[in-house]
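Below is one structure, written out as structure tokens; the observations come after it.
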Amino acid sequence: MSVLKTATSCRRQAVEAEIQAEQITDQHLKAVYLRIANQWRALARSYEFADSAAHFLLDAKRAKDANSGQHSGELVHLPSLASREPEDLLKSHSNRCCGTMRLLPEGLAQPGAVAA
């Protein structure tokens, strides 16, 4: 199962726990189900964060490989994750780190600029 499908499944579990909480009159038990729902949502956010971090590292590695002719002090422009197609988000990715890079907000870095 993909990471995003797992996160969706966690969110469904949260909704089911909330539905159960609505049907319970015992306040203590209701609070337990609401805490369970919150934990399912936190787990879903964790999966989503891990997935976005993995994509960030993959994009950074691709940018590093594409700019391998530049020396390590140069700034590298990374593509935005927001513009990714849904099918790209589901592709498998590498777990290898790509080294150290200095990231600047888009617009501040000039192509070919050297980091201080």
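The values are calculated or read from the model by the stated rules, or taken from the named source; none is laboratory data. Quick caveat, the model's predicted, so the values are computed rather than measured. Every residue, glycine among them, receives a Cβ derived from its backbone with ideal geometry; neighbour counts consider all protein chains shown. Side chains are part of the model used for accessible areas, which takes the heavy atoms of the whole protein and leaves out ligands, DNA and RNA. Shrake-Rupley method; radii C 1.70, N 1.55, O 1.52, S 1.80 Å.
For Ser68, the accessible area of its heavy atoms, probed at 1.4 Å with every protein chain present, is near 90 square angstrom. Near Arg45, once Lys and Arg are set to +1 and Asp and Glu to -1 for all other residues with Cβ below 12 Å from its Cβ, the sum equals 0. Inter-label distance, Ser2 to Val15: 1.9 nm, where each label sits 7 Å from its Cα along the C-beta direction.
One chain, two ends: Phe49 and Val32. Fully extended at 0.36 nm per residue, the span grows by 3.6 nm beyond their Cα-Cα distance.
The string of couplings for the stretch 35-44 from the Karplus curve (6.51, -1.76, 1.60, θ = phi - 60°) is 5, 4, 4, 5, 5, 4, 5, 4, 5, 4 Hz, one whole number per residue in order, with x for Gly and Pro.
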